[in-house]
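**Q** Pasting in a structure now, in structure tokens, and then I'll have a few things to ask.
The values are calculated or read from the model by the stated rules, or taken from the named source; none is laboratory data. As the structure is a computational prediction, the values presented were derived from the model and not from experiment. Reconstructed Cβ throughout: ideal geometry from the backbone, glycine too, with neighbour counts over all protein chains shown. SASA here: full protein model, heavy atoms, side chains in, ligands and nucleic acids out. Shrake-Rupley method; radii C 1.70, N 1.55, O 1.52, S 1.80 Å.
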Amino acid sequence: NTGVKHDPVTITRVENADGQVLEKWELDAGKEVIDPQVAFLINSILSDTTVRLHENLTIPGQVNAAKTGTSNVKDAKNNYYPHDLWTMGYTTSLVTGVWAGNNKEEEGYISVYADGINVAASIWKKFMVEALKDTPSEPFPKPPGIQERAISKVSGKLAGPATPANQ
């Protein structure tokens, strides 16, 4: 929402048996909680397909942002096991979060090979692909003041006139 927070809404419309609208929710202006430029940069980072570690974070045909996480738990022998596996991801029209894990450690631990990207993200992707199959892709809105500049891959500084285009 470009840095604007809106209160959660669960009921958007109430109709009677004849289809007459009795109540209808209207979007309010909300409250800016983060600078729109910062929100755009976060969206840009989380939607950059050139640096994604896994295909589970990409919805074909959609601009989307996604982030995974994995927490660990230590057993009595100081061995670490995955505990919470999660993925949060969104487009301009849909936000979805998936948690997977085991909150009953007495039943055993999750496989040491489990993590957010392989477990939660695969569930997240399947849901998002189906939920968005008839939805057109939209880029994240770019607020005023965002400037794009070429950066040299060699120096990490602003590219100059002598910087080769491929660097």
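**Q** Along the charge dipole of segment 28-81, which of L57, A29, Y80 sits closest to the positive end, that is, farthest toward it, with unit charges on the beta carbon of Lys, Arg, Asp and Glu (+1, +1, -1, -1)?
**A** Positive-end residue among those listed: Y80.
**Q** Follow-up question, since we're still on this one. Starting from the Cα of V73, step 7 Å along the direction of its Cβ; do the same at E55; then give the gap between the two resulting points in nm.
**A** 3.3 nm
**Q** Which chymotrypsin sites (Phe, Trp or Tyr not before Pro) in segment 1-91 sit in a loop by DSSP (not H, G, I, E or B) and have at most 15 other Cβ atoms within 10 Å of their own Cβ?
**A** Values: sites: W25, F40, Y80, W86, Y90; in loops: W25.
Qualifying residues, ordered by number: W25.
**Q** For the chain, what does the relative contact order come out to in percent, with C-alpha contacts under 8 Å and a separation of six or more?
**A** 19 percent
**Q** If a/c stays under 1.5 just call it rounded; otherwise compare a/b with b/c (prolate if a/b is bigger, oblate if not). Do that for the chain, with a ≥ b ≥ c from the square roots of the Cα gyration tensor eigenvalues.
**A** Oblate is the answer for the chain, as a/c is 1.5 or above yet b/c matches or exceeds a/b.
**Q** How large a share of the accessible area of segment 57-122, in percent, is made up of carbon and sulfur atoms when the probe is 1.4 Å and the other protein chains stay in place?
**A** 53 percent
**Q** Using a cut-off of 24 Å between alpha-carbon atoms, which lysines can reach K125, once sequence neighbours fewer than 8 places away in the same chain are excluded?
**A** Correct list for K125: K67, K133.
**Q** Between L94 and A131, what length comes free when the chain is fully extended (0.36 nm per residue of separation minus the Cα-Cα distance, one decimal in nm)?
**A** Going from the current span to full extension adds 12.5 nm.
**Q** Could you tell me the convex hull volume per residue, in Å³, taken over the Cα atoms of segment 58-123?
**A** 74 Å³
**Q** Shifting gears a bit: On average, how much accessible surface per residue is there in the chain, in Å², for a 1.4 Å probe, leaving out ligands, DNA and RNA? Don't jump to the answer; show the numbers that get you there.
**A** Numbers: 11970 Å² over 167 residues.
Normalised by residue count, the accessible surface of the chain is 72 Å².
**Q** Can you give the charge dipole size of the chain about its Cα centre, rounded to the nearest 20 debye, using +1 on the beta carbon of Lys and Arg and -1 on the beta carbon of Asp and Glu? Don't jump to the answer; show the numbers that get you there.
**A** Values: 16 positive and 20 negative charges, 167 e Å.
It comes to approximately 800 debye.
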